[in-house]
Structures are given as structure tokens and as C-alpha cells.
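The values are calculated or read from the model by the stated rules, or taken from the named source; none is laboratory data. Predicted, not measured: the structure shown is a model, and the values here were computed from it. All Cβ positions, glycine included, derive from the backbone under ideal geometry; neighbour counts span all protein chains shown. What goes into the accessible areas is simple: the full protein's heavy atoms, side chains included, and nothing from ligands, DNA or RNA. Shrake-Rupley method; radii C 1.70, N 1.55, O 1.52, S 1.80 Å.
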Amino acid sequence: MLPSRLGRTIELLARLPGVGEKTAQRFALFLASSGSETAAELGRTLVELSASVRPCERCRNIAEIDDEGRAICAVCRDTRRDPSVLCIVARVQDLLAVEKSSAMRGRYFVLGRLLSPLDGIGPEELPLRELLQRIREDGVEEVILATPPSVDGEATALLLAQELAGKKLRLTRIASGVPHGGDLEFADQVTLGRAIDGRRPM
């Protein structure tokens, strides 16, 4: 019933994370019926995005390619950052979440994936060599393991701890527990147990 190009647009939009077929159809119909300018501008922007944005060559965050052809993100360019503290996260989304907290004034390293044997992702698929090189070149003194508190996240943190053992580093893991403003009554057993284990003096 739909034109073939519109159907192809729906198919491509449905590949985006969190976008189902109905949402993709709604997006495509909006672009097709809202006038040519929005669709044309979006098309140009997507083309420019693929040509001018790529992972940061230092930390694997998202970065724009500069005039010299290098991709170095804003965090790595910021000279006010403390290079002795390196926070390891799984995804760029995690980096952005930590940044919003304004609690991390060091730098980051994005793994891009987590250790997951069931999905065929083993240690050799993680960028361990690049990580070790970054630690060595920047003179890192503390590594913060900020992988999510999931099965894969904990397995990845354990692997990283083993890989970094024996080096002159302070190795820390982000705390997990009851969220701010939350009620203990509604906390699950694992979260509450970690909150008790991670208690601190007052």
C-alpha cells in the first residue's frame, strides 16, 4: 500500500534502538507529509554525520574530525581535566550519564561492549591493548571501573581488575545501592545488600 521508498525509509528507521515498526512508520509519514525541508535537512545532516563524526582516537568517545583529520573529543581536549584519573565505561551513553553528575573531573575510556560469553564476546573482543596504552601514556594513577552492575558488567569489571592487577594503580569500583529519594521498602534484595555492604561512616 505504501510507496517503495517510503517503505524502505520505515525499514531503516526501525533499525534504530528503541524504535519499533509503528514508530518508524509514524516518523516516515511525518517526514513525507511535513514538507520537503525537514526531510532534506535531516538527510543532509545524516550524510555529514557519517562523514565528520567517529570514535575519539584516545578514549573512543564520539568526536568530530578536525581540520587535521584527527578525531579527539571535547573531554580529551579539555586541559582542566585530571589525566591521572581514568573512568572506564561500557558505552558512550554511560559516559554522558556520568558527565551529567558533574562528579568526574578525570578522563574516560569507552569499551564499546561488555564481556559476554553467551553472545560470543570474550576478552579478545575488548580493547584491552588500547586501554593499557592509554594508562601508560597518560600516567594514570587511579582507574574507576564504571561498568553497569549487571552480570556482564560485573564480569567485565572483574576481568579488568585482573588485567590491571600488579600495576601501580589505585583501582576502584563505582558504588551501587539505594537511589537518592528511594524507599527501602521497594528496593530489591541485591541492591539493598550492596547498599549495606557499601556503607560508610558518618
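Only residues that are open to solvent by less than 50 Å² (accessible area, probe 1.4 Å) and within 16 Å of Glu57 (Cβ to Cβ): list them for the range 86-116, please. Full working, then the answer.
First pass over the range 86-116, keeping only residues open to solvent by less than 50 Å² (accessible area, probe 1.4 Å): 86-90, 92, 94-95, 98, 104, 106-111, 114-116.
Passing the criteria: Leu86, Val92, Leu95, Arg107, Tyr108, Phe109, Val110, Leu111.
Among Gly193, Gly122, Gly177, which is out of contact with any Ser or Thr (no Cβ under 9 Å at 6 or more places or on another chain), more than 16 Å from Arg91 (Cβ to Cβ) and open to solvent by less than 50 Å² (accessible area, probe 1.4 Å)?
Numbers: Gly122 fails: out of contact with any Ser or Thr (no Cβ under 9 Å at 6 or more places or on another chain); Gly177 fails: out of contact with any Ser or Thr (no Cβ under 9 Å at 6 or more places or on another chain).
Among Gly193, Gly122, Gly177, only Gly193 is out of contact with any Ser or Thr (no Cβ under 9 Å at 6 or more places or on another chain), more than 16 Å from Arg91 (Cβ to Cβ) and open to solvent by less than 50 Å² (accessible area, probe 1.4 Å).
Could you give every pair whose Cβ atoms fall below 9 Å, whose first residue belongs to the range 15-28 and is over 19 Å from Gly43 (Cβ atoms), and whose second residue is in a helix (DSSP H, G or I) and open to solvent by 80 Å² or more (accessible area, probe 1.4 Å), counting only separations of at least 6 or pairs across chains?
Glu21/Glu11
Out of everything in the range 145-171 that is part of a strand (DSSP E or B) and in contact with a Leu (Cβ under 7 Å, 6 or more places away or on another chain), what residue ends up being surrounded by the fewest Cβ atoms within 10 Å (Cβ to Cβ)?
First pass over the range 145-171, keeping only residues part of a strand (DSSP E or B): 145, 170-171.
Within this subset, residues satisfying the condition of being in contact with a Leu (Cβ under 7 Å, 6 or more places away or on another chain) are 145, 171.
Numbers: Leu145: 20, Leu171: 14.
Among them, the one singled out is Leu171.
Filter the range 124-145 for residues that are more than 16 Å from Arg58 (Cβ to Cβ) and in contact (Cβ under 8 Å) with a residue 40 or more places away in the chain and give the result.
Passing the criteria: Glu141, Glu142, Ile144, Leu145.
From the list Pro83, Pro17, which one is part of a loop (DSSP other than H, G, I, E, B), surrounded by fewer than 18 Cβ atoms within 10 Å (Cβ to Cβ), touching a helix residue (DSSP H, G or I) at 6+ places or on another chain (Cβ under 7 Å) and not acidic (Asp, Glu)?
Sole residue among the options that is part of a loop (DSSP other than H, G, I, E, B), surrounded by fewer than 18 Cβ atoms within 10 Å (Cβ to Cβ), touching a helix residue (DSSP H, G or I) at 6+ places or on another chain (Cβ under 7 Å) and not acidic (Asp, Glu): Pro83.
Can you go through Ala63, Ala32, Ala39 and tell me which one is surrounded by 12 or more Cβ atoms within 10 Å (Cβ to Cβ) and either within 17 Å of the chain's Cα centre (by Cα) or assigned to a loop (DSSP other than H, G, I, E, B) (or both)?
None of the other options fit; the residue is Ala63.
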